[in-house]
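The values are calculated or read from the model by the stated rules, or taken from the named source; none is laboratory data. Everything numeric here is computed off the predicted structure, so don't read it as measured data. Every residue, glycine as well, gets a Cβ built from its backbone with ideal geometry; the counts of neighbours run over all protein chains shown. Accessible surface areas use protein heavy atoms only, side chains included; no ligands, DNA or RNA. Shrake-Rupley method; radii C 1.70, N 1.55, O 1.52, S 1.80 Å.
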Amino acid sequence: CYIPVASTITGVKWFQTTKGVYTGNNTNGVALYSYSSGTLTKVAESTNDLTIWSTPNVNTYASKAFSSTYSASVGIYFIALLYSNSAQTTAPQIGIGSSVWASSQFAFDFTNSVKLNMYANTQTAFGSTYAVSSLPNGSPWIVWLY
């Protein structure tokens, strides 16, 4: 997301379409990354919440605050969501864009291999930095900063 004016950011909101039924382990939560020259750097993170993806009701807006507010300067930021489980009956799902958006989103001509949506598999915690060139295309989730 692009933050056009300096802002105090508290956390992340999303629309939960399917309530997860799982046993959480490792890290579950949200984080915010700043972007510069092909590198994402973690600037804010929520506390670990093993039930974050199972407590919202179906088709409900949910939110998670960062462990402390973040004073964001003007710039591009990426929102990260982390789901980790040791056992799962139902995977949690959050709202996504239309199929047209999902199929066309990667055609933009961003520099440094930046994509609108990226993912990193097998993460058990939020990394402090990521090279965007190492991250493949991800699902187009709809999330907001607050």
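Side notes on the structure shown:
- Virtual spin-label span in nm between Leu116 and Thr47, 7 Å along Cα→Cβ: 3.5
- Residues with amide H under 5 Å from that of Asn117, placed H, sequence gap 5 or more: Gly138
- In the assembled protein chains, Leu116 presents an accessible area of approximately 60 Å² (probe radius 1.4 Å).
- Report summary: the helix-based calculation at 222 nm, which adds -39500 (n - 2.57) for every DSSP H run with n ≥ 4 and divides by the residues of the chain, gives -1000 deg cm²/dmol.
- Between Thr10 and Asn26, the modelled labels are 3.0 nm apart [label points 7 Å from Cα along Cα→Cβ].
- Lys/Arg +1, Asp/Glu -1 at C-beta; the chain dipole; positive extreme among Ala87, Thr55, Thr69: Thr55
- Just the protein heavy atoms count here, and of the accessible area of the chain at 1.4 Å, carbon and sulfur take up 53 percent.
- Nonlocal amide H pairs with Ala44, under 5 Å, H built at 1.01 Å: Leu32
- Simple label model, 7 Å out from Cα along Cβ direction - Val143 to Thr55, nm: 1.7
- Note, ³J(HN,Hα) from phi for region 18-31, Karplus 6.51, -1.76, 1.60, rounded to Hz, x at Gly and Pro: 9, 6, x, 10, 7, 9, x, 8, 6, 10, 10, x, 10, 8
- For a paramagnetic label modelled on Thr90 (point 7 Å from Cα along Cα→Cβ), amide N atoms under 12 Å away belong, within region 1-43, to 17-22.
- Of the labelled figures [x] 0.98; [y] 1.01; [z] 0.94, only one reflects Rg/Rh (Cα atoms, Kirkwood Rh) as derived from the coordinates, namely [z].
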